[in-house]
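Asker: This structure is in structure tokens; I'll ask about it shortly.
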Amino acid sequence: MRLVAQQGLRDLSARIVAGEAGVNQALIFYHFGTLEQLIAAAMAEATTAMVERFSEPLRGAQTFAELHAVGLALSASARADGSAALLAQVIASAQHDPVHRRILHECLAMWDGEVAAAVRRILGSRGMADAIDVEAVTSAIAASTIGMITLDGARADGPDRSALAALEGITGMVDRVLRLVPAPLARRVLRR
């Protein structure tokens, strides 16, 4: 992840990875088959570790503001360990590379259940889980979070002006609406 963050996927080679690891590059091919399979393994390992690290905070989120706080912590972690840069590179290459498209799909699927459970719980606590498409909300949250994390890494003014952090007011507003609007009225409006 560090190498991808420093130089990108396009310039990455088995020789460079082997040099960084202090091993013969033949070991990369022996253990992983191809450089793409090594990247897939690295991304899967990083995603698995991050899902494990953030699953408890996700399960504890009772409001969209708390879910947003988990997203901010996840973003900071992803920038620090290089996984945000790797994700950005894989997203870009997935447009034309079926191997990276599969890697991306598999890694994003690891998050779906955790985030959907949080969204379902938050909406369910206000009697709204049956009125709003939880999977659509989950997809929107995942796509926007990924977009903001990857774009924040490329901002000239740095992550201190995070697009993700700017959502704080919106998540608070959504929580207030969910708390103040009676669930039967909200369900009737949303169904129309």
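The values are calculated or read from the model by the stated rules, or taken from the named source; none is laboratory data. Because the structure is a prediction, the values reported are computed rather than measured. Cβ placement follows ideal geometry from the backbone for every residue including glycine, while neighbour counts extend to all protein chains displayed.
Asker: Can you find a residue in region 109-132 that is within 30 Å of S13 (Cβ to Cβ), among the basic types (K, R) and in a helix (DSSP H, G or I)?
Answerer: No, region 109-132 has no match at all.
Asker: Inside region 26-61, can you point out the residues that are loosely packed, with under 15 Cβ neighbours inside 10 Å and either closer than 26 Å to R101 by Cβ or at pLDDT below 90 (or both)?
Answerer: Correct list: Y30, H31, G33, T34, A41, A44, E45, T48, A49, E52, R53.
Asker: Criterion first (among the hydroxyl-bearing types (S, T, Y), in a helix (DSSP H, G or I) and either touching a Cys at 6+ places or on another chain (Cβ under 8 Å) or more than 18 Å from V4 (Cβ to Cβ) (or both)) does S75 satisfy it?
Answerer: no
Asker: Looking at region 173-192, which of the residues that are surrounded by 14 or more Cβ atoms within 10 Å (Cβ to Cβ) and closer than 25 Å to S75 by Cβ is modelled with the lowest pLDDT?
Answerer: L178
Asker: Give me the pairs: first residue in region 163-180 and over 16 Å from Q62 (Cβ atoms) and in contact (Cβ under 8 Å) with a residue 24 or more places away in the chain, second residue in a helix (DSSP H, G or I) and charged (D, E, K, R), beta-carbon distance under 8 Å, and six or more apart or on different chains, which are they?
Answerer: L164/D152
Asker: Please specify each residue of region 52-72 satisfying the condition of being in a helix (DSSP H, G or I) and within 15 Å of I141 (Cβ to Cβ).
Answerer: Of everything in region 52-72, those that are in a helix (DSSP H, G or I) and within 15 Å of I141 (Cβ to Cβ) turn out to be F54, P57, L58, F64, A65, E66, L67, H68, A69, V70, G71, L72.
Asker: Can you tell me which residues in region 93-108 are free of Cβ contacts under 8 Å to residues at least 12 places away in the same chain and assigned to a helix (DSSP H, G or I)?
Answerer: Across region 93-108, the qualifying residues are A94, P98, R101, H105.
Asker: Scanning region 101-132 for residues that are more than 13 Å from the chain's Cα centre (by Cα), farther than 19 Å from P57 by Cβ and at pLDDT 85 or above, which turns out surrounded by the most Cβ atoms within 10 Å (Cβ to Cβ)?
Answerer: Out of the qualifying residues, it is I103.
Asker: Here is a further query. Sort through V23, V17 and tell me the only one that's assigned to a helix (DSSP H, G or I), surrounded by 12 or more Cβ atoms within 10 Å (Cβ to Cβ) and either touching a residue at least 24 places away in the same chain (Cβ under 8 Å) or not hydroxyl-bearing (S, T, Y) (or both).
Answerer: V17
Asker: In this structure, does A65 turn out to be more than 20 Å from A109 (Cβ to Cβ), of a type in the set (A, V, I, L, M) and more than 14 Å from the chain's Cα centre (by Cα)?
Answerer: In short, yes.
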